[in-house]
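The values are calculated or read from the model by the stated rules, or taken from the named source; none is laboratory data. For clarity, every value in this text was computed on a predicted model and none was experimentally measured. Neighbour counts are summed over all protein chains in view; Cβ atoms, including those assigned to glycine, are modelled from backbone coordinates with ideal geometry.
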Number of protein chains: 2
Amino acid sequence: MSPYAVGIDFGTESGRAVLVDCEDGAELGAAVYPYRHGVIDERLPESEVELEPDWALQDPEDYVRTLQKAMPRLLAETGTDPADVIGVGIDFTACTMLPTLADGTPLCVLDELRHEPHAWVKLWKHHAAQPEADRINEVAAERGEPWLARYGGKISSEWFFSKALQILGEAPAVYGRADRLLEAADWVVWQLTGRETRNSCTAGYKAIWSKRDGFPSDDYFAALDPRFGRVVDEKMAREISPIGGRAGVLTEQAAGWTGLRAGTPVAVANVDAHVSAPAATVTEPGTTGVIMGTSNCHILRGGRTATVEGMCGVVEDGVVPGLFGFEAGQSAVGDIFAWFAETSVPPEYHCGDVHAALERDAARLRPGESGLLALDWWNGNRSILVDADLRGLLVGMTLATRPPEIYRALIEATAFGTRVIVEAFESAGVPITGIVACGGLPERNRLLMQIYADVTGHEFSVAASKQTPALGSAMFGAVAAGAEAGGYDTIVEASRRMARLGPERYRPDPAAHAVYDRLYAEYVRLHDRFGRGGDDVMRTLKAIEAEVRG
Amino acid sequence: MSPYAVGIDFGTESGRAVLVDCEDGAELGAAVYPYRHGVIDERLPESEVELEPDWALQDPEDYVRTLQKAMPRLLAETGTDPADVIGVGIDFTACTMLPTLADGTPLCVLDELRHEPHAWVKLWKHHAAQPEADRINEVAAERGEPWLARYGGKISSEWFFSKALQILGEAPAVYGRADRLLEAADWVVWQLTGRETRNSCTAGYKAIWSKRDGFPSDDYFAALDPRFGRVVDEKMAREISPIGGRAGVLTEQAAGWTGLRAGTPVAVANVDAHVSAPAATVTEPGTTGVIMGTSNCHILRGGRTATVEGMCGVVEDGVVPGLFGFEAGQSAVGDIFAWFAETSVPPEYHCGDVHAALERDAARLRPGESGLLALDWWNGNRSILVDADLRGLLVGMTLATRPPEIYRALIEATAFGTRVIVEAFESAGVPITGIVACGGLPERNRLLMQIYADVTGHEFSVAASKQTPALGSAMFGAVAAGAEAGGYDTIVEASRRMARLGPERYRPDPAAHAVYDRLYAEYVRLHDRFGRGGDDVMRTLKAIEAEVRG
């Protein structure tokens, strides 16, 4: 009997637990728990409290229910003896953060705070903290903060201190009540192990921490708001646990929830995108993992640091110990296609799978044939412009334009967005030697993969696993267990044994690439004009909308 | 028994005959013939010959079938004695033109030319003659042709000589075979009366003719192409019949087709938009008629001529004798809404009337609330940019954008387009004292009318008649008969007695107007940037598309 590891991937809409064979990475079973409250973006659960635009919350009890529902089902359905499970790892969307009491109790479960939006978990795509992000960037630029370069020159509204500062500014009482502010990932590990830890991946990528310099100074935080000066010591921690380590072992309570044995090693928490990289074989310098789903996340290994415009961050040991991990992202990809399929496609496409019908018709079109071009900013732009206020644009419509043409233009726009990121790395001297895609989109949409290859001029491989985050988490679980217990001592070793590529290779077609070069030139011009301040129409429309909505 | 007149409106998809009481303009009945071949834009009827993009043809036999089918049905259904019908008028889309033999036989009915696209009727929205229009404008500007100012500085690809020059360039044999090139409107009057006439309205607005200066010189036409130098004398005529006159009387053959009496007076042909103006009470200087349907046509009376940027034309006696008639246009309005409803709306809106459902939800939005802005160029821009190569643009989409928001943004975009035209007239010193809407849209879409009022800051009235072109044609039929026969001697008199306004008044809401002022400023900036040469992305996309499609 091989030793097993469990990976639990906490996503945007559901949690997924996967059982993996530590010897060869075979995935033996999976169980999914769809969150009861999903993404909370209209009103608080069982409440009349309406949320402002750009808000996106989650319920921390959905995470516990994932442990209570999915895990026992996984063990039962696979007939697994809990004694054979040598380690558990988890990964999460990020920055997804919440305020708690000193004992870890989320503020939103307290009766007196249940109707206060700021007491809930702020999901990664909560975009209402843009004013706070603007202030963070402005003050950092004024003070010449050295860490700003590590994040491409801009901190995002999605990140930890933007969200924390929003709580302080809009709900000072909630902020005051919060003994702890932490990533949901670390909160779940706390529930599993009974110990509060802080993982180096979210600290580095989302909370401006680095192994060499720690957090920004108290002076800096005080310059944002005097009450914010001691946020790290008051509500966070300076001790950061490196990924690849062990956070602790399962408590009796958590063993009761999950059906696993108390004492089972639990890995330090990690981020879904970052944990996917070793699960997609991406461990060498120069290889890039693109995790493609509702959004795209680009994870690149580098042998040295570099300043890359608009990247989300570079963190030493951020993905694989010993290397610099670069992250960049596109804030909406699959989300745009889903939006289109749901809101913009007439009945004749709804007989079966809407996406399949659109892909079939879109695949018949040649590059450039639609006459359409889009800017893929339906959810702002994470890299390289780092601006949540940007919005979508579509140009070239005629009375003859048909849905598959728009669908293809939207795919192409996200591919152009990927190319902007790839070129930003290359022009900063960070070479890209190979690209591996993983996530939900590559297996579902071959047209999309070919368009990405044709647009970027790079060959795309695809990870064999269809659930790389959970596989990666299981790999980290095996590392938490260690070689002696039947696991591994490093994530690189685990990756060599447990991760592999699928058979697909998407190679750029030179003729298509030539046409896309011309369309890309148009994309870049519009990108710069609407994204870098030449034309502020998107911001103006958003401002008028905000005024009108009051 | 009152005397009656018949108006026949030849539209884009069908022909409509209406019986009108000459005393009070009461509409006693209508009969519609949907053209068997409708708009021919993919392949020739009963043929494998495919058309290029931007082509749009019609079948002249559909016009004859309208006379043969709709007219007898109208008489039968209303129980009318043909002896009580004192006059007939017709109106047409324009420029809709065709090549014929000397006896009026359309070239496309000849066996040897039936498979030749250039032998068919070129419909108004045939847009494939843009290169010819470019050349017409370039040569005119080089030579300093004085008539260019009458047409806002640009001749459209939709007009007569652009289309004629395309025939010459692409199908010289067809051009050579054509003894006559003429408007379909005049061709139908020829079929009714047995006499070829040329009406002053299409000659003035579509074929660069003026009462004072006639046509452009032979030298000019020869500069376009030596073979084109004598086009007027060889294939057209210099004798132009003023509107409001009598073209002739019904022949025995036409009486047989229609059921009317041989000898019934027939008015000089006219254009649908222009004939609508007196039917909407628009006969005084300063009043504007906006004929709103698949496209918008703006008809304005002025006491003097003026140079207005991008107007379609100013023609003395062009609409009402004794005044200057200005025309401007928006090449797609209802067509855009139809495109959206047909291609971009999910199943839940398709339970009943899609437009009604969209209007209902869009009416709940406040100006600016959608955060969206569009350029209404799905079919190019007729006024004031006069550029068929321009295309649509939509900006501001987020993942929360819903179909009624886009629908409203499209309505608003066409209203902004109307405001650009209104302001072009005003800034050229042509005052606008009142606006009357007519056509299919105003009665169907109250939201649209209110948005037009709010965007322009002008009050909109609506013509009482729901079929103003046919009513206007009947009025011209009554004028062709004359007062002695129970009709009228002038169209102004006929308008006073036979036309009226409906009860609706759409008054601008000051708060909405203030928001729209801000959105309009954004519209104008994008309009100028994408329309006047600052950013050529639309043209570039069109050029790449044309190359790819080969």
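What number of residues within the range B:409-419 are farther than 30 Å from A:PRO53 by Cα and either surrounded by fewer than 24 Cβ atoms within 10 Å (Cβ to Cβ) or over 22 Å from the mean Cα position of the chain (by Cα) (or both)?
The qualifying residues number 1.
Can you tell me which residues in the range A:121-160 are of a type in the set (A, V, I, L, M, F, W, C) and surrounded by fewer than 19 Cβ atoms within 10 Å (Cβ to Cβ)?
Scanning the range A:121-160 gives A:VAL139, A:ALA141, A:TRP147, A:ALA149.
Considering only residues that are within 13 Å of chain A (Cβ to nearest Cβ) and in contact with an Asp or Glu (Cβ under 6 Å, 6 or more places away or on another chain), which ones fall in the range B:381-416?
B:ASN381, B:LEU399, B:PRO404, B:ALA413
Inside the range B:89-110, can you point out the residues that are closer than 15 Å to B:VAL174 by Cβ, buried (at least 23 other Cβ atoms within 10 Å of the Cβ) and among the hydroxyl-bearing types (Ser, Thr, Tyr)?
Within the range B:89-110, B:THR100 is the sole residue that qualifies.
Just name the residue that is nearest to A:PRO469 (Cα to Cα) out of those in the range A:1-53 that are assigned to a loop (DSSP other than H, G, I, E, B) and polar (S, T, N, Q).
Of everything passing the filter in the range A:1-53, A:THR12 is nearest to A:PRO469 (Cα to Cα).
More than 28 Å from B:SER461 (Cβ to Cβ), among the hydroxyl-bearing types (Ser, Thr, Tyr) and buried (at least 24 other Cβ atoms within 10 Å of the Cβ): does that describe B:THR258?
Yes: the conditions hold for B:THR258.
Can you tell me which residues in the range B:346-377 are part of a helix (DSSP H, G or I) and in contact with a helix residue (DSSP H, G or I) (Cβ under 6 Å, 6 or more places away or on another chain)? Before you say what the answer is, go through the steps one by one.
The first filter runs over the range B:346-377 and keeps only residues part of a helix (DSSP H, G or I), leaving B:347-349, B:354-363.
Passing the criteria: B:PRO347, B:TYR349, B:VAL354, B:HIS355, B:ALA357, B:LEU358, B:GLU359, B:ASP361, B:ALA362, B:ALA363.
Does at least one position in the range A:330-344 carry a residue that is part of a loop (DSSP other than H, G, I, E, B) and out of contact with any Gly (no Cβ under 9 Å at 6 or more places or on another chain)?
From the range A:330-344, those part of a loop (DSSP other than H, G, I, E, B) are A:331-333, A:344; that's our starting set.
Add one more test, that the residue is out of contact with any Gly (no Cβ under 9 Å at 6 or more places or on another chain), and what stays is A:344.
Among the residues of the range A:330-344, at least one is part of a loop (DSSP other than H, G, I, E, B) and out of contact with any Gly (no Cβ under 9 Å at 6 or more places or on another chain), which makes the answer yes.
Could you look through the range A:506-534, keep only residues that are among the charged types (D, E, K, R) and more than 10 Å from chain B (Cβ to nearest Cβ), and pick out the one that is nearest to A:LEU372 (Cα to Cα)?
First, the residues of the range A:506-534 that are among the charged types (D, E, K, R): A:507, A:509, A:517-518, A:522, A:525, A:528-529, A:532.
This time we only want the ones that are more than 10 Å from chain B (Cβ to nearest Cβ), so: A:507, A:509, A:517, A:528, A:532.
Details: A:ARG507: 24, A:ASP509: 20, A:ASP517: 15, A:ASP528: 18, A:ARG532: 22 Å.
It comes out as A:ASP517.
Which of the residues that make up the range B:204-221 are assigned to a loop (DSSP other than H, G, I, E, B) and within 29 Å of B:SER276 (Cβ to Cβ)?
Listed by number, the residues that qualify are B:ALA207, B:ILE208, B:TRP209, B:LYS211, B:ARG212, B:ASP213, B:PHE215, B:PRO216.
Can you tell me how many residues within the range B:176-191 are assigned to a helix (DSSP H, G or I), within 25 Å of the chain's Cα centre (by Cα) and either surrounded by fewer than 18 Cβ atoms within 10 Å (Cβ to Cβ) or of a type outside the set (A, V, I, L, M) (or both)?
Taking the range B:176-191 first, the residues assigned to a helix (DSSP H, G or I) are B:176-177, B:184-191.
Okay, now just the ones that are also within 25 Å of the chain's Cα centre (by Cα), so B:184-191.
From the residues that got through so far, the ones that are either surrounded by fewer than 18 Cβ atoms within 10 Å (Cβ to Cβ) or of a type outside the set (A, V, I, L, M) (or both) too are B:186-187, B:190-191.
Of the residues in the range B:176-191, 4 are assigned to a helix (DSSP H, G or I), within 25 Å of the chain's Cα centre (by Cα) and either surrounded by fewer than 18 Cβ atoms within 10 Å (Cβ to Cβ) or of a type outside the set (A, V, I, L, M) (or both).
What single numbered condition from (1) free of Cβ contacts under 8 Å to residues at least 40 places away in the same chain; (2) buried (at least 24 other Cβ atoms within 10 Å of the Cβ); (3) farther than 29 Å from A:ALA70 by Cβ fails to hold for A:MET311?
(1)
Filter the range B:449-467 for residues that are closer than 24 Å to B:ASP361 by Cβ and touching a strand residue (DSSP E or B) at 6+ places or on another chain (Cβ under 8 Å) and give the result.
Those that are closer than 24 Å to B:ASP361 by Cβ and touching a strand residue (DSSP E or B) at 6+ places or on another chain (Cβ under 8 Å): B:MET449, B:GLN450, B:TYR452, B:ALA453, B:THR456, B:PHE460, B:VAL462.
Among the residues of the range B:378-408, which ones are buried (at least 24 other Cβ atoms within 10 Å of the Cβ) and in a helix (DSSP H, G or I)?
Matches in the range B:378-408: B:TYR407, B:ARG408.
Just wondering, is there one or more residues in the range B:54-71 that are modelled with pLDDT under 95 and either surrounded by fewer than 17 Cβ atoms within 10 Å (Cβ to Cβ) or touching a helix residue (DSSP H, G or I) at 6+ places or on another chain (Cβ under 9 Å) (or both)?
Checked against the condition, which is being modelled with pLDDT under 95 and either surrounded by fewer than 17 Cβ atoms within 10 Å (Cβ to Cβ) or touching a helix residue (DSSP H, G or I) at 6+ places or on another chain (Cβ under 9 Å) (or both), the range B:54-71 yields at least one hit.
Output the qualifying pairs, or none if there are none: Cβ atoms under 8 angstrom, residues six or more apart or on different chains, first residue in the range A:28-43 and at pLDDT 95 or above, second residue loosely packed, with under 15 Cβ neighbours inside 10 Å and assigned to a loop (DSSP other than H, G, I, E, B).
Qualifying pairs under 8 Å: A:PRO34/A:GLU13; A:TYR35/A:GLU13; A:GLY38/A:GLU13; A:VAL39/A:GLU13; A:ARG43/A:VAL49.
Scan the range B:106-146 for residues that are aromatic (Phe, Trp, Tyr) and at pLDDT 95 or above and report the count.
Total meeting the criteria: 1.
State which residue is farthest from the other protein chains (Cβ to nearest Cβ) when the search covers only the range B:356-377 and only residues that are more than 19 Å from B:LEU519 (Cβ to Cβ) and either touching a Pro at 6+ places or on another chain (Cβ under 7 Å) or surrounded by 19 or more Cβ atoms within 10 Å (Cβ to Cβ) (or both).
Checked the range B:356-377; the qualifying residue farthest from the other protein chains (Cβ to nearest Cβ) is B:GLU359.
Does at least one position in the range A:325-343 carry a residue that is among the hydroxyl-bearing types (Ser, Thr, Tyr), over 30 Å from A:LYS211 (Cα atoms) and either surrounded by fewer than 22 Cβ atoms within 10 Å (Cβ to Cβ) or within 14 Å of another protein chain (Cβ to nearest Cβ) (or both)?
Yes; the residues of the range A:325-343 include at least one that is among the hydroxyl-bearing types (Ser, Thr, Tyr), over 30 Å from A:LYS211 (Cα atoms) and either surrounded by fewer than 22 Cβ atoms within 10 Å (Cβ to Cβ) or within 14 Å of another protein chain (Cβ to nearest Cβ) (or both).
Provide a single number: the residues in the range A:84-112 that are within 23 Å of A:ALA237 (Cβ to Cβ), outside any loop (DSSP other than H, G, I, E, B) and either of a type outside the set (Val, Ile, Thr) or touching a Phe, Trp or Tyr at 6+ places or on another chain (Cβ under 6 Å) (or both). Steps first, please.
Residues of the range A:84-112 within 23 Å of A:ALA237 (Cβ to Cβ): A:88-110.
Subsequent filtering for residues that are outside any loop (DSSP other than H, G, I, E, B) retains A:88-92, A:97-100, A:106-109.
Right, trim to either of a type outside the set (Val, Ile, Thr) or touching a Phe, Trp or Tyr at 6+ places or on another chain (Cβ under 6 Å) (or both) and you get A:89, A:91-92, A:97-99, A:106-108.
Residues meeting the conditions: 9.
For a quick check of your reading: which helices (runs of 4 or more DSSP H) sit entirely within the range B:481-550 and have at least 3 residues that are over 24 Å from B:LYS466 (Cβ atoms)? Explain how you work it out, then say what you get.
Values: elements: B:491-498, B:510-531, B:537-549.
Filter on the range B:481-550 gives B:510-531, B:537-549.
Of the residues that sit in the range A:535-550 and are more than 7 Å from every other protein chain (Cβ to nearest Cβ) and either β-branched (Val, Ile, Thr) or touching a residue at least 60 places away in the same chain (Cβ under 8 Å) (or both), which one is nearest to A:SER370 (Cα to Cα)?
A:ARG539
Criterion first (of a type in the set (Ser, Thr, Tyr) and surrounded by 20 or more Cβ atoms within 10 Å (Cβ to Cβ)) does B:THR433 satisfy it? Reasoning before the result, please.
Details: of a type in the set (Ser, Thr, Tyr): yes; surrounded by 20 or more Cβ atoms within 10 Å (Cβ to Cβ): no.
In short, no.
Where in the range A:222-327 are there helices (runs of 4 or more DSSP H), lying fully within it, with 1 or more residues that are polar (S, T, N, Q)?
A:252-258, A:272-279
Within the range B:127-161, track down each residue that is free of Cβ contacts under 8 Å to residues at least 40 places away in the same chain and either part of a helix (DSSP H, G or I) or under 19 Å from B:VAL231 (Cβ atoms) (or both).
Scanning the range B:127-161 gives B:ALA129, B:PRO131, B:GLU132, B:ASP134, B:ASN137, B:GLU138, B:ALA141, B:GLU142, B:LEU148.
State which residue is farthest from A:GLU316 (Cα to Cα) when the search covers only the range A:192-213 and only residues that are more than 17 Å from the chain's Cα centre (by Cα) and among the polar types (S, T, N, Q).
A:THR193
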